[in-house]
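Please read the structure below before turning to the comments.
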Amino acid sequence: MERPGEILDFNRRIENAISGKTPERKIWVTSLSFCLRKAALSIYLGTFKYERTGEMLVGTVLHKWLGEALEEEADFEVQVEYPLEDGWKLVGKVDAVKGGYPIEFKFRGFDPEGENGPRSLDEMEEPPKLAMEQLNAYLNMMGKDRGYVYIFDRNGLQFKVFPVERDRDAFEKFLGRARVVIRGVKELENGKFPSWITPRFSNECETCIFRPICSAINGRSSK
């Protein structure tokens with residue numbers, strides 16, 4: 001019996017969900033600041049929304065509080081996107097836009113006894129590199145020349161503001177990272193594991209949900 005078009009379309013969507021293939025090909029800006037193999041696996045398996053850590057959830061709560069307290073002062077969680085190759089797109093949410101200036105909020109704790117990095121908000125001379133990288137992506141995606149990173153001390157919520165100027169060359173390198181993810185997803189769809197993609201930071205694997213998968217594949221390939 002011939003099936004109606006609605007059922008055939010529904011079947012394709014179920015097959016896509018099972019195989020991890022998503023009709024909408026999008027890469028989140030935040031995922032490109034970390035392990036690109038993880039980003040590819042997240043897209044292929046559709047797990048990105050389940051990967052929020054406790055630290056990220058704290059930041060989400062504080063972002064929500066700021067948005068509610070200042071909802072009439074700026075536009076919050078502004079969605080942006082940028083076209084890539086083969087129907088892919090780079091997407092993100094700018095924390096706020098005030099007077100045409102994109103703004104990123106970052107919350108962090110400080111250890112007064114710490115030896116690595118600033119021990120207080122006052123000691124910070126520049127925003128974290130990843131915050132600058134992500135805001136620069138938004139500046140280029142939106143065609144803006146300047147934005148601001150707000151660093152909040154979670155202990156008391158004092159804050160410090162850092163200007164960030166648009167860097168087109170850095171954005172081109174960022175887009176190169178997106179192309180690596182696209183290649184990784186394509187390999188996964190063809191039954192290959194992108195072992196050639198390595199973590200960006202040495203400690204990323206410790207808390208990664210894909211660590212058992214990578215360990216099993218890498219262990220098998222080394223035999």
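Annotations for the structure displayed:
- FRET E, pair Val161, Arg211, Förster distance 35 Å, beta-carbon r, rounded to 0.05: 0.40
- Its alpha carbons give the range 74-223 an Rg and a Dmax of 18.6, 58 Å.
- Using a Förster distance of 41 Å, the FRET efficiency for Arg183-Asp122 (Cβ separation, nearest 0.05): 0.40
- For the pair Leu8 and Leu130, the difference between a 0.36 nm per residue extended length and the Cα-Cα distance amounts to 39.6 nm.
- Annotation for the range 73-97 versus the range 146-168: alpha-carbon center distance of 19 Å.
- Computed with a 1.4 Å probe over protein heavy atoms only, the accessible surface of the range 66-167 comes to 57 Å² per residue.
- 30 Å Cα-Cα threshold exceeded, pairs from Lys93/Lys173; Lys26/Lys144; Lys64/Lys160; Lys144/Lys186; Lys26/Lys160: Lys144/Lys186; Lys26/Lys160
The values are calculated or read from the model by the stated rules, or taken from the named source; none is laboratory data. Just so you know, these numbers come straight off a predicted model, no measurement behind them. Cβ: placed from backbone, ideal geometry, glycine included. Neighbour counts: every protein chain shown. SASA here: full protein model, heavy atoms, side chains in, ligands and nucleic acids out. Shrake-Rupley method; radii C 1.70, N 1.55, O 1.52, S 1.80 Å.
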